[in-house]
Amino acid sequence: MQFPGRRKKLIGSSQNDLYDHCLQFYGQPPLENISLTEFETFAVERLKLLKTVENLGVSCVKNSEQYTKKLDAEISKFFFNKEDGISEYEKRRKDHISHFILRLAYCQTEDLRRWFIQQEMDLFRYRFNDLHSKHKTDFLHKNNLKYETVSAEEKKSLQDKLIASSYGLSGTKVEEHDVYKVPFQDALDLVRTRKVYLLAGNAYIPHHEIVTIVLNDFRTRLSKALAMTARSLPAVQSDERLQPLLSHLSHAYVGQDYSIQKNIGKISLEQIDALSGKSFPLCMRHLHKALRENHHLRHGGRMQYGLFLKGIGLSLEQALQFWRSEFVKGKVDADKFDKAYAYSVRHMFGKEGKRTDYTPYSCMKVILSNPPSQGDYHGCPFRHSDPELLKQKLQNYKVSPSGTNQILELVKGMHYQLACQKYFELTHNVEDAGFSLNHPNQYFTESQKLLSGGRDIKKEVDMSQRSQENPASVTRPSQANSKQAHEEMGDLDSFFQDE
Amino acid sequence: MSTSDYDPACLPDLLPLYYRRLFPFSQYYRWLSYGGVSKNYFQNREFSFTLKDDIYVRYQSFTTQNELEKEMQKMVPYKIDIGAVYSHRPSQHNAVKSGTFQALEKELVFDIDMTDYDDVRRCCSAADICSKCWTLMTIAIRILDRALREDFGFHHLLWVYSGRRGVHCWVCDDAARKLSVAARSAVAEYLSLVKGGEETVRKVVLSDPIHPFINHSLSVVERYFQQYAIVDQDILGSKESVDKVLAVFPVDRYFFKEGSSVSYDLHFSCVSVKSNSKKGGQYFDKEIMLQYCYPRLDVNVSKGVNHLLKSPFSVHPKTGRISVPIDLKELDTFDPFEVPTISLICEELEKPRAEEAEEDDMKDKENEQEAGERRRIRDYKRTSLAKYVKVFDRFLEAMARSRKGEMLKKSGEIEKDSVFHIHLILAFTLQMD
């Protein structure tokens with residue numbers, strides 16, 4: 001028997017029950033049906049949000065005004081719905097579902113899990129700190145974290161003791177900010193190091209420390225959950241509809257993918273040597289050098305470098321000429337090249353087989369997939385090279401010792417892209433790269449922009465008279481003369497402005 | 001009371017008597033059952049025995065008090081240790097699927113051993129103790145007892161003399177028994193101030209701000225320091241010992257002159273020191289007091305849920321002394337050398353009894369088992385063990401009272417809940433119409 005009236009009421013209340021707070025610990029997985037489109041959209045949008053969290057965490061000081069403003073904007077974008085007035089319920093639902101989808105994509109390897117946990121924690125920290133004091137306590141209670149705020153009188157009576165036990169507490173801080181009373185079992189790190197005031201089994205935790213405790217809890221839960229998800233992943237992956245999306249997500253680079261060739265033929269083969277020293281990121285410089293020295297590269301290297309060259313503007317004919325001329329100097333004769341290697345070059349350009357989807361690899365892809373083995377030159381030198389060798393290489397490339405040390409520090413902290421950014425700053429002699437490095441082709445583009453900085457104004461005047469860019473004939477200097485090289489840079493500059 | 005009569009060779013004769021007539025089984029069982037609140041709590045508890053000829057057996061467990069008595073009287077253990085409450089009966093642990101037999105709960109325990117203070121004791125070393133260094137135990141008990149009660153909120157602490165050179169603390173609160181390994185280790189580290197072994201000269205380092213816990217502990221140490229360190233231990237009595245004290249902080253930073261040995265006040269003013277450097281050294285006097293007196297506990301003993309610790313009322317085979325509970329109200333007068341030995345109490349048992357005894361004998365003939373217990377109770381009451389069993393009784397009473405209080409509170413809550421449930425059901429059924 002149906003009781004339609006009652007039904008509706010129940011659904012309404014269950015909605016409220018499910019998402020009774022704007023923030024959540026993502027304890028329960030969503031239990032509804034959604035369309036594949038929504039599945040994909042939610043996932044991709046959350047990924048964009050997390051990438052922004054990562055970028056901002058790297059380029060701004062956390063909690064600075066700039067950080068707050070930008071992250072706020074990105075979060076609003078995430079929750080924004082084209083229709084008017086996305087309801088609070090829908091916002092929370094999107095938050096909930098998108099988080100769980102990304103768990104599927106990011107549970108598989110240690111690297112992915114670490115990245116995902118880090119960004120989700122940063123996002124959570126930001127959103128939690130943004131809450132009103134009352135909502136904070138609400139959240140804690142709703143999640144069975146029995147943390148009470150201490151009354152003003154109690155705070156006053158314990159003031160001296162609180163200041164004497166907690167780091168960074170002053171009289172005013174105690175007055176102005178909340179102090180939480182937490183069972184000591186939930187604050188073991190602080191108890192162990194005696195960095196907190198204890199009374200009758202409770203730890204008195206100042207506001208700025210409670211976030212740490214909540215975050216630790218968050219991290220522990222998420223870490224366990226991801227491990228469990230990884231175990232049940234095979235079942236999910238067997239679903240054909242989901243497998244490609246999940247795989248794409250975990251390698252996703254959510255920015256410009258340099259797949260559309262705008263600058264075909266702008267670069268001459270003779271320029272590549274010079275460019276490799278000036279504007280190539282270390283990985284590509286390394287690959288180019290190995291190719292020149294050995295007259296050969298293995299498949300991984302050919303893919304990574306070949307697609308990069310496609311991204312900076314080499315045409316198929318140029319690419320074939322480039323690879324053939326190099327391989328022929330080695331053990332491969334022209335015939336063999338045409339038979340074996342030319343096919344794969346054409347494949348890269350989408351001229352063979354059915355897939356045309358070869359886009360130049362992003363940093364994430366280079367760092368995370370296909371690690372190099374003996375005899376390989378691909379990968380990310382900051383990630384895959386032995387630090388000693390990396391140090392030598394940097395010294396060979398005339399990077400200052402202090403700069404090298406800075407880079408090695410970043411490598412130690414696993415900030416490979418930041419290390420490459422530092423490399424950019426040191427080789428281009430700038431304080432700040434001015435961009436957040438995500439893609440080798442981005443490195444190249446930014447480098448070119450920087451090196452021709454002075455030409456910008458002049459080019460702007462020309463731009464107003466330009467219609468479609470047109471592959472101008474590029475001068476082919478016989479000598480790699482620095483003045484001429486500079487002129488070439490200028491010419492290259494014109495089409496880069498198109499972006 | 002002559003306790004020098006104890007001879008370890010007599011143990012095989014004394015122990016059976018002790019276990020038959022003096023060991024307080026009913027209080028012991030009452031303790032470890034914890035009011036029967038948790039099912040099988042006593043049955044799943046591990047005991048370990050050290051038998052004659054150093055034979056060691058683990059995973060002993062018993063289903064009833066009676067079984068415990070019978071087994072102990074049969075096996076006559078020289079040493080008894082108490083372990084954790086497991087998921088299954090320890091005596092059947094081999095029958096359980098591997099991985100599922102787990103230690104679930106245990107009291108939070110602390111072990112303070114006098115040998116850990118050898119670097120700062122001048123009167124004795126190793127297993128020896130004397131009245132001069134016993135003060136260290138008094139200080140340890142005062143500091144830890146306060147901290148465990150006031151800072152951590154524990155209520156039911158049983159302090160026990162180990163029988164030779166130290167004391168144990170059994171924290172028996174519900175919450176304490178349920179603590180995880182991480183929590184136990186955190187508590188133990190919170191309570192640790194003296195760090196470092198042979199290689200470390202300066203074992204206590206204080207810096208601003210001084211945590212309230214340290215201040216509390218310092219006020220206890222200060223109370224005893226003059227008598228203990230300056231007088232009894234005479235740490236400033238010889239050049240050698242003074243050097244040792246001063247070795248704790250870098251001498252070259254300080255200018256000092258030795259004062260007269262006549263009067264010392266608590267703040268170490270016999271040696272006046274001018275500090276030339278800003279960092280370190282501002283709390284040197286406190287650091288020295290703490291290094292000489294602050295409790296040194298073995299974190300490993302406290303950390304493990306399955307750690308086995310000597311049982312209260314067991315006998316120490318080397319000294320013959322019974323591991324008796326310590327009455328904190330009489331802490332300052334507690335004398336480890338007055339603690340009864342097994343030979344003493346067995347001797348006291350043999351003394352002729354008064355006339356009331358005959359009446360009791362008649363009652364006993366009626367019921368054997370109860371008789372056994374009654375007899376035992378009368379028996380220990382005639383010995384020096386009596387006052388220590390009383391301490392234990394008071395401890396058990398306090399726990400029983402607190403359990404009752406908890407139950408009343410809970411049933412009050414349940415009442416409230418059930419009223420709410422009824423309302424809900426009514427509301428629901430009304431809606432359905």
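The values are calculated or read from the model by the stated rules, or taken from the named source; none is laboratory data. The model shown is predicted, which means the values in this text are computed figures rather than measured ones. With ideal geometry, Cβ positions are generated from the backbone for all residues, glycine too; neighbour counts draw on all protein chains shown.
Results for (1) under 33 Å from the mean Cα position of the chain (by Cα); (2) at pLDDT 90 or above; (3) under 27 Å from A:LEU282 (Cβ atoms), shown as yes or no for each residue.
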| residue | (1), (2), (3) |
| --- | --- |
| A:LEU297 | yes, yes, yes |
| A:GLN304 | yes, yes, yes |
| A:LYS310 | yes, yes, yes |
| A:GLY313 | yes, no, yes |
| A:TRP323 | yes, yes, yes |
| A:GLU326 | no, yes, yes |
| A:ALA334 | no, no, no |
| A:ALA340 | no, no, no |
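Could you list, in sequence order, the residues of the range A:360-374 that are in contact with a helix residue (DSSP H, G or I) (Cβ under 7 Å, 6 or more places away or on another chain) and either of a type in the set (A, V, I, L, M) or not in a helix (DSSP H, G or I) (or both)?
Let us first name the residues in the range A:360-374 that are in contact with a helix residue (DSSP H, G or I) (Cβ under 7 Å, 6 or more places away or on another chain), namely A:360-361, A:363, A:366-368, A:370-372.
Correct list: A:PRO360, A:TYR361, A:VAL366, A:ILE367, A:LEU368, A:ASN370, A:PRO371, A:PRO372.
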Residue that is of a type outside the set (Phe, Trp, Tyr), more than 30 Å from B:LEU51 (Cβ to Cβ) and buried (at least 18 other Cβ atoms within 10 Å of the Cβ), where the choices are B:ILE288, B:ILE345, B:ILE322: B:ILE288
Looking only at the range B:278-300, decide whether some residue is within 30 Å of B:SER87 (Cα to Cα), part of a helix (DSSP H, G or I), modelled with pLDDT of 50 or more and within 35 Å of the chain's Cα centre (by Cα). yes
Considering the range B:3-37, residues that are touching a residue at least 60 places away in the same chain (Cβ under 8 Å), hydroxyl-bearing (Ser, Thr, Tyr) and not in a helix (DSSP H, G or I), and then whichever is surrounded by the fewest Cβ atoms within 10 Å (Cβ to Cβ), we arrive at B:THR3
Going by what's in this entry, would A:LYS393 be described as charged (D, E, K, R), modelled with pLDDT of 90 or more and crowded, with 18+ Cβ neighbours inside 10 Å? no
So which residues in the range A:35-76 are under 28 Å from A:ASP138 (Cβ atoms) and outside any helix (DSSP H, G or I), if there are any at all? A:LYS62, A:ASN63, A:SER64
Filter result (surrounded by fewer than 16 Cβ atoms within 10 Å (Cβ to Cβ), more than 14 Å from chain B (Cβ to nearest Cβ) and farther than 30 Å from A:TYR26 by Cα) within the range A:137-163: A:SER151, A:ALA152, A:GLU153, A:GLU154, A:LYS156
Only one of these is at pLDDT 90 or above, closer than 23 Å to A:LEU50 by Cα and away from chain B (no Cβ under 14 Å): A:ALA274, A:ALA225, A:ALA252, A:ALA230. Name it. A:ALA225
Evaluation of B:LEU331 against (1) in contact with a Ser or Thr (Cβ under 7 Å, 6 or more places away or on another chain); (2) more than 24 Å from B:LEU157 (Cβ to Cβ); (3) surrounded by fewer than 15 Cβ atoms within 10 Å (Cβ to Cβ) (one fails), failing number: (2)
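Can you tell me which residue within the range B:238-258, out of those that are closer than 16 Å to B:TYR283 by Cβ and of a type in the set (Val, Ile, Thr), is modelled with the highest pLDDT? Break it down stepwise before answering.
Applying the first criterion (closer than 16 Å to B:TYR283 by Cβ) to the range B:238-258 yields B:245-246, B:248-250, B:253-254.
Restricting the remaining residues to those that are of a type in the set (Val, Ile, Thr) gives B:245, B:248.
On the way: B:VAL245: 77, B:VAL248: 72.
Among them, the one singled out is B:VAL245.
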Failed item in (1) assigned to a helix (DSSP H, G or I); (2) in contact with a Lys or Arg (Cβ under 9 Å, 6 or more places away or on another chain), with A:ILE86 passing the rest: (1)
Looking at (1) more than 9 Å from chain B (Cβ to nearest Cβ); (2) surrounded by 13 or more Cβ atoms within 10 Å (Cβ to Cβ), which is the one condition that is false for A:LYS134? (2)
Quick one: count up the residues across the range A:198-219 that are within 14 Å of another protein chain (Cβ to nearest Cβ), at pLDDT 85 or above and within 20 Å of A:TYR126 (Cβ to Cβ). 1
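Residue by residue, here is whether (1) over 21 Å from the mean Cα position of the chain (by Cα); (2) within 11 Å of another protein chain (Cβ to nearest Cβ); (3) within 20 Å of B:LEU136 (Cα to Cα) holds:
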| position | (1), (2), (3) |
| --- | --- |
| B:VAL181 | no, yes, no |
| B:ALA186 | no, yes, no |
| B:LYS203 | yes, no, yes |
| B:LEU206 | yes, no, no |
| B:VAL221 | no, no, yes |
| B:TYR228 | yes, no, yes |
Pick from the range B:152-172 the residues that are touching a residue at least 24 places away in the same chain (Cβ under 8 Å) and within 14 Å of chain A (Cβ to nearest Cβ): which of them is surrounded by the fewest Cβ atoms within 10 Å (Cβ to Cβ)? B:HIS155
Hey, could you check the range A:164-180 for residues that are more than 18 Å from B:LEU191 (Cα to Cα), surrounded by fewer than 19 Cβ atoms within 10 Å (Cβ to Cβ) and not acidic (Asp, Glu) and say which is farthest from the other protein chains (Cβ to nearest Cβ)? A:HIS177
Any residue at all in the range B:2-16 that is closer than 21 Å to B:VAL324 by Cβ, β-branched (Val, Ile, Thr) and over 20 Å from the mean Cα position of the chain (by Cα)? yes
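Check whether at least one residue in the range B:117-136 is touching a strand residue (DSSP E or B) at 6+ places or on another chain (Cβ under 7 Å) and outside any helix (DSSP H, G or I), and report yes or no.
Initially, the range B:117-136 is screened for residues touching a strand residue (DSSP E or B) at 6+ places or on another chain (Cβ under 7 Å), giving none.
Taking every residue of the range B:117-136 in turn, none turns out to be touching a strand residue (DSSP E or B) at 6+ places or on another chain (Cβ under 7 Å) and outside any helix (DSSP H, G or I).
Is it true that A:VAL182 is among the β-branched types (Val, Ile, Thr) and either under 30 Å from A:TYR361 (Cα atoms) or in contact with a Phe, Trp or Tyr (Cβ under 6 Å, 6 or more places away or on another chain) (or both)? Let's see the steps before the verdict.
Numbers: among the β-branched types (Val, Ile, Thr): yes; either under 30 Å from A:TYR361 (Cα atoms) or in contact with a Phe, Trp or Tyr (Cβ under 6 Å, 6 or more places away or on another chain) (or both): yes.
Taking the combined requirement at face value, the residue satisfies it.
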